[in-house]
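One structure is given below, encoded as structure tokens.
The values are calculated or read from the model by the stated rules, or taken from the named source; none is laboratory data. Keep in mind it's a predicted model, so treat the numbers as computed, not measured. Positions of Cβ are backbone-derived with ideal geometry, glycine not excepted, and every protein chain shown enters the neighbour counts. With ligands, DNA and RNA removed, areas are computed over all heavy atoms of the protein, side chains included. Shrake-Rupley method; radii C 1.70, N 1.55, O 1.52, S 1.80 Å.
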Protein chains: 2
Amino acid sequence: MLRTQFEEDLLKLHNQFYEMGMMVSDAIHKSVRAFTKHDKELAKEVVKDDVNINDMEIKLEKKSFEMIALQQPVTTDLRMIITIMKASSDLERMGDHAVSIAKATIRVKGQTRIPEIEKEITAMSDYVKEMVDAVLNAYIKEDAKAAREIAKKDEEINAHFNKIYADTIDYMKADPETIVSGNDYLHVASFLERIGDYVTNICEWIVYLSTGKITELNTNHSMDQIS
Amino acid sequence: MLRTQFEEDLLKLHNQFYEMGMMVSDAIHKSVRAFTKHDKELAKEVVKDDVNINDMEIKLEKKSFEMIALQQPVTTDLRMIITIMKASSDLERMGDHAVSIAKATIRVKGQTRIPEIEKEITAMSDYVKEMVDAVLNAYIKEDAKAAREIAKKDEEINAHFNKIYADTIDYMKADPETIVSGNDYLHVASFLERIGDYVTNICEWIVYLSTGKITELNTNHSMDQIS
């Protein structure tokens with residue numbers, strides 16, 4: 001089948017969005033590895049590479065606007081473009097959080113560390129990375145059912161966060177020498193938690209893509225922290 | 001002049017976006033006041049009212065998609081719809097951060113507090129609120145020049161954050177009883193800092209709205225925290 005120019009453009013947009021997602025997944029993985037392995041060079045790499053993620057977002061936005069303006073797509077084609085337009089902002093912010101984690105790596109050096117907490121952060125980040133990769137897969141398959149399942153996993157992320165929070169505060173109280181790194185642990189954990197929220201946003205866009213319905217999959221994120 | 005249905009719709013969309021912005025500005029103001037005045041009831045109000053902000057975002061999205069699909073707007077009309085589509089996500093997240101601040105209020109009760117830091121947070125939040133109100137004004141006037149000026153103020157926000165960070169760590173080291181509230185202060189300050197980043201995003205959309213150009217007004221946000 002010969003594709004029209006529009007179909008070519010749409011396929012390219014789709015592939016670039018996925019590529020951007022892989023870049024972000026990679027950035028999250030690298031930033032947490034840098035943080036837990038105390039690898040300053042790797043952290044700098046994440047900061048440097050974020051430019052490419054930002055460039056990709058701008059490229060996707062420009063192309064989306066152009067396609068809407070010039071080709072006036074309707075129904076499912078328009079839905080795909082809108083999904084990419086909206087979800088690319090979520091990806092971009094996930095990338096920003098990876099940068100923040102990388103910066104914490106650079107800052108934390110030389111402080112008294114808490115290996116137990118670093119282990120918990122690694123476990124949390126493995127879980128987050130799985131979610132990120134799963135959501136990219138669900139996007140490729142336009143699988144609304146998978147997207148709904150992935151969004152539910154955000155509760156697990158919150159549980160990780162709450163445990164890290166409680167444990168870190170205990171360490172900080174017991175030894176003031178751990179206050180600076182303890183604060184960084186809490187920041188990194190909260191960045192990971194927020195990455196989980198962005199994954200949920202993307203899940204909502206996948207549901208929209210495949211059903212045309214705008215839904216909220218997770219209205220009470222972090223609500224458990226209220227009491 | 002008699003307006004067409006499309007013009008009516010666009011005006012309504014525009015007004016609802018501004019209204020959403022005012023709701024968010026109000027939420028930020030209230031959440032910080034609740035936090036610094038230890039006002040649990042006000043904090044709960046912010047959490048409750050966030051539903052309205054989320055509903056407004058969904059309403060704006062639905063209407064935007066519908067207008068693009070059915071009326072196939074071009075040039076400046078399309079630009080306005082795209083701006084609202086993208087910037088409403090930024091507003092919604094600013095609202096989420098206000099909720100996070102409100103939740104910190106509810107959590108911090110009963111802990112040893114640091115009045116000096118609370119004063120710094122109030123000053124920072126006054127500054128953030130000014131930025132939020134200014135960006136809504138710039139939006140109404142489609143004033144790209146003002147938007148560029150507002151984005152520059154983000155540096156000042158980062159300076160506030162860095163001071164609060166350094167001072168809070170000092171207090172936490174000196175008195176472990178302040179560790180829980182100190183950590184909340186740092187969280188609230190980081191939420192305010194991020195609200196500043198979202199304001200910058202909206203500034204970028206205002207520049208797009210009035211010039212058609214996608215720009216990055218602030219690529220190195222929080223870069224000062226790297227060293």
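Entry note: the stretch B:170-212 has Rg to Rh equal to 1.39, where both radii use alpha-carbon atoms and Rh is the Kirkwood radius.
When the residues B:Glu118, A:Glu216, A:Glu177 are ordered by accessible surface, computed with a 1.4 Å probe over the protein chains alone, the sequence from largest down reads A:Glu177, A:Glu216, B:Glu118. Helices in the protein assembly as shown, meaning DSSP H runs of at least 4 residues, each add -39500 (n - 2.57). Divided by all residues, the mean residue ellipticity at 222 nm is -29500 deg cm²/dmol. Using the Cα coordinates of the stretch B:84-139, the gyration tensor eigenvalues translate into equivalent-ellipsoid semi-axes of 27, 16, 5 Å, sorted from longest to shortest. State which entries of A:Lys59/B:Lys12; A:Lys62/B:Lys59; A:Lys30/A:Lys145; A:Lys86/A:Lys129; B:Lys37/B:Lys59; A:Lys62/B:Lys152 exceed 27 angstrom in Cα-Cα distance in the structure shown. Over 27 Å apart, Cα to Cα: A:Lys59/B:Lys12; A:Lys30/A:Lys145; B:Lys37/B:Lys59. Pairing chain B with chain A buries about 4500 Å² of accessible area. This figure sums both sides and uses a 1.4 Å probe. For the stretch A:1-222, give the percent of accessible area contributed by carbon and sulfur heavy atoms, probe 1.4 Å, rounded to a whole number. Carbon with sulfur: 50 percent of the solvent-accessible area. Inter-copy label distances at B:Thr215, using a point 7 Å along Cα-to-Cβ, come to 4.1 nm with the shortest given first. Take chain A with all the other protein chains still there, run a 1.4 Å probe, and you get 41 Å² of accessible area per residue. Sorted from shortest to longest, the distances between the A:Asn54 label points of this copy and the other copies are 3.1 nm, with each point 7 Å from Cα along the line through the beta carbon. As a length-normalised measure over Cα pairs under 8 Å and 6 or more apart, the relative contact order of chain A settles at 25 percent.
Restricting the calculation to Cα atoms, chain B shows an Rg/Rh of 1.04 when the hydrodynamic-style radius is the Kirkwood one.
Each eigenvalue of the Cα gyration tensor of the stretch B:63-110, multiplied by 5 and square-rooted, gives one semi-axis; in descending order these are 38, 9, 4 Å. Taken over the stretch A:31-155, the alpha-carbon convex hull comes to 102 cubic angstrom per residue.
Taking the convex hull of the alpha carbon positions in the protein assembly as shown and averaging its projected area over all directions gives 20.8 nm². Sorted shortest first, the distances from the A:Glu177 label point to those of the same residue in the other copies are 2.5 nm; each point sits 7 Å from Cα along Cα-to-Cβ. Counting heavy atoms of the protein chains alone, A:Lys141 has an accessible area of about 140 Å² for a 1.4 Å probe.
Residue-level result for chain A: its Cβ closest to the axis carrying A onto B, with that distance in Å, is A:Gln72, 2.
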